[in-house]
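The values are calculated or read from the model by the stated rules, or taken from the named source; none is laboratory data. In this text the structure is predicted, and so the values were computed from the model without any measurement. Cβ atoms come from the backbone with ideal geometry, glycine included; neighbour counts cover every protein chain shown. We work out accessible area using only protein heavy atoms, side chains counted, and drop any ligands, DNA or RNA first. Shrake-Rupley method; radii C 1.70, N 1.55, O 1.52, S 1.80 Å.
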Amino acid sequence: DGGITQSPKYLFRKEGQNVTLSCEQNLNHDAMYWYRQDPGQGLRLIYYSQIVNDFQKGDIAEGYSVSREKKESFPLTVTSAQKNPTAFYLCASSARDRVLSAEAFFGQGTRLTVV
Amino acid sequence: RKEVEQDPGPFNVPEGATVAFNCTYSNSASQSFFWYRQDCRKEPKLLMSVYSSGNEDGRFTAQLNRASQYISLLIRDSKLSDSATYLCVVNNAFSGGYNKLIFGAGTRLAVHP
């Protein structure tokens with residue numbers, strides 16, 4: 001089955017550590033996104049990528065880094081510079097060549113908690 | 001001003017009621033529009049796209065007003081299972097086919113017996 005997979009589902013990080021969240025898709029989508037969601041709030045865009053080896057900062061990129069070495073993969077690293085990383089992280093992908101119908105498909109999310 | 005704004009709610013309605021959600025967006029060049037549904041502690045899922053002429057899918061009707069930069073979602077005959085958060089999404093597509101999906105904060109709906 002085609003889809004988008006995030007791992008792990010739950011992640012605990014000690015203060016000062018970097019952690020990497022995995023996102024893999026087999027939908028052959030060019031565009032991939034990372035969003036952060038805090039309790040009772042909407043999704044805020046961290047980074048997005050339209051093609052391999054290219055990515056753009058979203059609205060809250062500080063303290064995060066990404067790479068896009070393969071079309072299928074868009075990992076997110078939460079660095080120690082991120083002051084308040086505890087949140088629900090969602091990865092999404094969409095077809096780049098269907099601009100007017102760019103439905104985004106989401107992974108099941110990773111809940112990151114700083115301990 | 002936020003790029004996409006929604007009334008956060010919550011909207012508490014009885015079963016069978018009709019409820020309407022509104023959303024405004026700030027970028028007049030926005031290309032496409034969607035409503036997503038998000039259940040508690042789950043990922044968002046597409047409910048419906050919003051077309052210029054308006055569109056209907058069963059009990060759900062979406063409308064777009066480009067002049068006012070306004071999107072709406074109407075739910076008729078509400079069911080208990082409609083209880084969720086409804087997210088307004090705008091695609092600010094760039095030249096070359098690049099997409100940037102911007103989400104509103106969501107409107108929470110609670111349908112009670």
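Kindly indicate whether any position in the stretch B:78-93 is of a type in the set (A, V, I, L, M, F, W, C), more than 29 Å from A:Q56 (Cβ to Cβ) and out of contact with any Phe, Trp or Tyr (no Cβ under 7 Å at 6 or more places or on another chain). Yes, there is a match, as at least one residue in the stretch B:78-93 is of a type in the set (A, V, I, L, M, F, W, C), more than 29 Å from A:Q56 (Cβ to Cβ) and out of contact with any Phe, Trp or Tyr (no Cβ under 7 Å at 6 or more places or on another chain).
The residue that is farthest from the other protein chains (Cβ to nearest Cβ), among those in the stretch B:27-58 that are within 23 Å of A:A92 (Cα to Cα) and among the hydroxyl-bearing types (S, T, Y), is B:S30. Residues in the stretch B:50-80 that are surrounded by 14 or more Cβ atoms within 10 Å (Cβ to Cβ) and either of a type in the set (K, R) or in contact with a His (Cβ under 7 Å, 6 or more places away or on another chain) (or both): B:R76 only. Could you tell me whether A:L90 is touching a Phe, Trp or Tyr at 6+ places or on another chain (Cβ under 7 Å), without any contact (Cβ under 8 Å) to a residue 60 or more places away in the chain, buried (at least 16 other Cβ atoms within 10 Å of the Cβ) and of a type in the set (A, V, I, L, M)? No. A count restricted to the stretch A:39-59 and to residues that are under 13 Å from the mean Cα position of the chain (by Cα) and under 23 Å from B:C40 (Cβ atoms) stands at 4.
From the list B:S32, B:S28, B:S83, the lone residue that is modelled with pLDDT under 95 and open to solvent by less than 60 Å² (accessible area, probe 1.4 Å) is B:S32. Return the residues of the stretch A:56-73 that are part of a strand (DSSP E or B) and surrounded by fewer than 20 Cβ atoms within 10 Å (Cβ to Cβ); say none if nothing qualifies. Correct list: A:Q56, A:K57, A:S65, A:K70, A:S73.
Are there any pairs, at least 6 apart or on different chains, whose C-beta atoms fall under 8 Å, with the first in the stretch A:1-16 and part of a strand (DSSP E or B) and the second surrounded by 10 or more Cβ atoms within 10 Å (Cβ to Cβ) and among the basic types (K, R), and if so, which? From residues that are part of a strand (DSSP E or B), the pairs are A:Y10/A:R111; A:L11/A:R111. The number of residues in the stretch B:11-25 that are among the small types (G, A, S) and either open to solvent by less than 30 Å² (accessible area, probe 1.4 Å) or not in a strand (DSSP E or B) (or both) comes to 2. Of the residues making up the stretch B:86-100, one or more are hydroxyl-bearing (S, T, Y), assigned to a loop (DSSP other than H, G, I, E, B), open to solvent by 80 Å² or more (accessible area, probe 1.4 Å) and within 13 Å of chain A (Cβ to nearest Cβ). Could you say whether any residue in the stretch A:17-37 is part of a loop (DSSP other than H, G, I, E, B), open to solvent by less than 50 Å² (accessible area, probe 1.4 Å) and of a type in the set (F, W, Y)? No. Of the residues making up the stretch B:101-113, those that are at pLDDT 85 or above, out of contact with any Ser or Thr (no Cβ under 6 Å at 6 or more places or on another chain) and either at the interface with chain A (Cβ under 9 Å from one of its Cβ atoms) or open to solvent by 60 Å² or more (accessible area, probe 1.4 Å) (or both) are B:I102, B:F103, B:G104, B:A105, B:H112, B:P113.
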